[in-house]
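Inspection log for the structure reproduced underneath, given as structure tokens.
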Amino acid sequence: MQKNEEEPRPIRSTPLAALRENILRISEVPPSSAKSAVRELKVVRISQAPLELWVVMGRESDYLVIRGTYCSCPHFVIRVVNGETTMPCYHLVAVEMAIRQGRFHDLSLSLSKDELQDIVLEVLAGSRSTTLRRKLYMLGRREEG
């Protein structure tokens with residue numbers, strides 16, 4: 001090897017890369033909570049690229065998700081963001097599964113900017129989004145009629 005040539009350096013896995021690998025791995029054999037969220041259509045896309053925002057309607061609260069990157073749930077905010085673990089919450093896994101299976105509500109084209117903002121603020125306040133539920137209810141009524 002000549003002096004100017006460098007040996008290839010091993011690629012170090014970043015915490016985000018490890019998180020994404022874990023999401024993909026776990027979505028192959030998902031926990032029952034992720035399966036239930038997808039089966040019960042509790043995964044909702046609320047905006048489009050370049051930044052897709054998702055909401056997973058959880059048992060206690062709704063959670064804001066950025067696919068493969070972020071969840072507003074306590075597990076993610078406390079354990080993942082602080083570097084304690086790269087194991088994802090079930091909300092991140094549920095979004096991945098819902099996309100693969102095409103089993104989610106898509107409100108991305110039917111929300112006004114104000115409604116999108118209201119949903120995000122309601123979810124980040126740590127509660128269930130009444131705006132989101134109202135939109136889903138209206139969507140269901142249109143499909144019935």
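Between SER13 and ARG103, the C-beta separation translates, for a Förster distance of 25 Å, into a calculated FRET efficiency of about 0.25. Taking other C-beta atoms within 10 Å as the exposure proxy, ILE78, ILE23 rank ILE78, ILE23 from fewest upward. Across the range 124-133, computed HN-Hα scalar couplings (Karplus, 6.51 cos²θ - 1.76 cosθ + 1.60, θ = phi - 60°) run 5, 6, x, 10, 8, 7, 5, 5, 4, 5 Hz from first to last residue, x flagging Gly and Pro. Kindly state, to the nearest 0.05, the FRET efficiency for THR85 paired with LYS113, given R0 = 35 Å and r defined as their beta-carbon distance. Working from the Cβ atoms, E equals 0.50. Treating r as the C-beta distance of LEU51 and GLU28 and R0 as 30 Å, the FRET efficiency rounds to 0.70. Summing Cβ point charges (Lys, Arg +1; Asp, Glu -1) relative to the Cα centre of the chain gives a dipole of roughly 300 debye.
Calculated [222 nm] ellipticity per residue, helices only, for the chain: -13000 deg cm²/dmol; basis is -39500 (n - 2.57) per DSSP H run with n ≥ 4, divided by all residues, nearest 500. Counted by neighbouring Cβ atoms within 10 Å, the residues SER61, SER72 run from fewest to most as SER61, SER72.
By the beta-carbon count within 10 Å of each Cβ, the least crowded to most crowded order of LYS113, LYS35, LYS42, fewest first, is LYS113, LYS35, LYS42.
Throughout, read-outs are computed from the coordinates displayed, never taken from laboratory work. All figures in this text were calculated on a predicted structure; none of them were measured in a lab. For neighbour counting, all protein chains shown are included, and Cβ atoms are generated from backbone atoms with ideal geometry for every residue, glycine included.
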